[in-house]
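Structure first, then comments.
All of the numbers you see were taken from the coordinates with simple rules; none came from a lab. If you're wondering where the values come from, they're calculated on a predicted model, not measured in any experiment. All Cβ positions, even for glycine, are placed from backbone atoms using ideal geometry, and neighbour counts span all protein chains on display.
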Amino acid sequence: MNKTTSSLLLSSALLASSAVAGVPLNGLQGDGGIAFNPVAFLAGTYADGTNQVVSAPQVGAWYTRLDGADIDWAALSASFSVAKRLELSYGYGWTDANKYGDDSVSTHNLGAKLALLQGGEFDLPWLPAVAVGAIYKRTDAATADALGLDKDGADFYAVATKLVTSTPVPVLLSAGVQYSDEVVNGVVGHGDYGFGWFANVDLIPVPWLAVGAEYKSGIDADDVHNHDYYDLHAAWFATESLTLVAAYVDTGSKSGSRLGVGDGFVLSAQYQF
C-alpha cells in the first residue's frame with residue numbers, strides 16, 4: 001500500500017501504519033489493540049520514504065472505575081515495532097482493590113506480537129491482517145497466595161483484523177482466540193490454562209470518531225471461572241497523534257463459580273509519536 005492510498009484510508013478510518021491517531025491503541029496490558037483485546041495491526045509509526053527499522057513509540061494511559069466492586073484500576077504503557085513485523089510492549093498496572101483485601105496491587109506485562117500477514121498482501125485486498133502474540137504477566141496481589149494461585153503467567157493469542165471500506169461507513173472487524181491462565185485479567189493471579197475467544201467491531205461515521213464494542217470470553221483457571229467482559233466505547237481522534245477514549249465496561253458480577261468485578265466507566269489517553 002503506497003503512502004497516498006494509506007493516507008486517504010486513514011483520513012476516513014483507522015489503520016496502524018500511519019501517523020494518524022487510531023488503532024491500535026495501547027491496551028490495558030500495553031499490547032497494541034483496543035482495551036482488553038489485541039488486534040493484528042502493529043503499534044508504532046514508521047516515517048514514509050525512509051529505511052526506518054524501529055518505529056516511533058506510542059504510549060497509553062487508562063483509568064477504570066468499577067463502582068460496585070469499589071475498584072480503581074490504572075495502567076500506563078509503551079509499545080513500538082521492529083521491521084514492521086514485530087511489536088514489543090510493556091504495561092504497568094496499579095489496582096486499588098481494598099474491598100477484596102488488596103488495597104494496592106501492581107502488575108507488570110511484557111508483550112510481543114508477530115505479524116504473519118499484513119492486510120491486503122499479495123494483491124489480495126480482502127486479506128485481513130493476521131498476527132500471533134504472547135504477554136508475560138506478573139502480579140504482587142496478596143490474594144494470589146490466599147487462593148493458591150501463581151503470581152506470574154502468560155497469555156498466548158492469534159488474531160485477524162480487517163478494515164472494511166466498501167460499506168456505507170468504514171468498519172473495523174477483529175477476532176481471535178486466547179490461551180491463558182489469568183484470573184481477573186492476571187491482576188488476582190494465574191491458575192490452570194484454558195481457551196477463550198474475543199472480538200471487536202468499530203464503526204467510523206466521521207473521520208475523527210470511532211464507536212464500537214469489545215467482547216472477551218472468560219477463561220476457566222483452576223476452580224476460578226472468569227466472567228465474560230465487554231465494553232462499549234467511543235474514540236475521538238483529537239489530533240494526528242492524540243486519541244481520547246471513553247467507555248462503559250462490564251466485567252460481570254460474582255455469581256456461583258463465575259468471578260467478575262462489576263461494571264463502571266473507563267477513560268484513556270493515547271499518544272503516537
So what are the ³J(HN,Hα) numbers for the stretch 202-211, from phi and the Karplus equation (6.51, -1.76, 1.60; θ = phi - 60°), rounded to whole Hz, Gly and Pro as x?
9, 9, 10, x, 9, x, 9, 9, 10, 10
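As an exercise, take the mean of 1/r over every pair of distinct alpha carbons in the chain, invert it, and state the Kirkwood radius in angstroms.
Values: mean 1/r = 0.0538 Å⁻¹.
In the chain this quantity evaluates to 18.6 Å.
Using the crude model of +1 on Lys and Arg Cβ and -1 on Asp and Glu Cβ, and no other charge, please compute the dipole size for the stretch 187-250 relative to its Cα centre, in debye to 20.
Working: 1 positive and 10 negative charges, 65 e Å.
With only Lys, Arg, Asp and Glu charged at Cβ, the dipole is about 320 debye.
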Going by alpha carbons, how many degrees (0 to 90, nearest 10) lie between the helix axis of 3-12 and the longest principal axis of the chain?
50
What is the Cα centroid distance between the stretch 137-172 and the stretch 227-247, reported in whole angstrom?
16
Simple Cβ-charge dipole of the stretch 3-272, Lys/Arg +1 and Asp/Glu -1, about Cα centre, in debye nearest 20:
880
Asp48 versus Ser106: modelled label distance in nm, points set 7 Å from Cα along the beta carbon direction
4.3
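Under Stokes-Einstein, with the Kirkwood radius over Cα pairs standing in for Rh, what whole-number D in µm²/s applies to the stretch 94-228 at 4 °C and 1.567 mPa s?
Numbers: Rh = 16.7 Å.
After rounding, the answer is 78 µm²/s.
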Report the paramagnetic label zone for Asp140: residues of the stretch 179-193 whose backbone N is under 20 Å from a point 7 Å from Cα along the Cα-to-Cβ axis.
183-190
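For Leu116 and Ala56, FRET efficiency with R0 = 25 Å and r from the beta-carbon atoms, rounded to 0.05? Walk me through the intermediate numbers first.
Numbers: r = 23 Å, r/R0 = 0.93.
According to the calculation, E is roughly 0.60.
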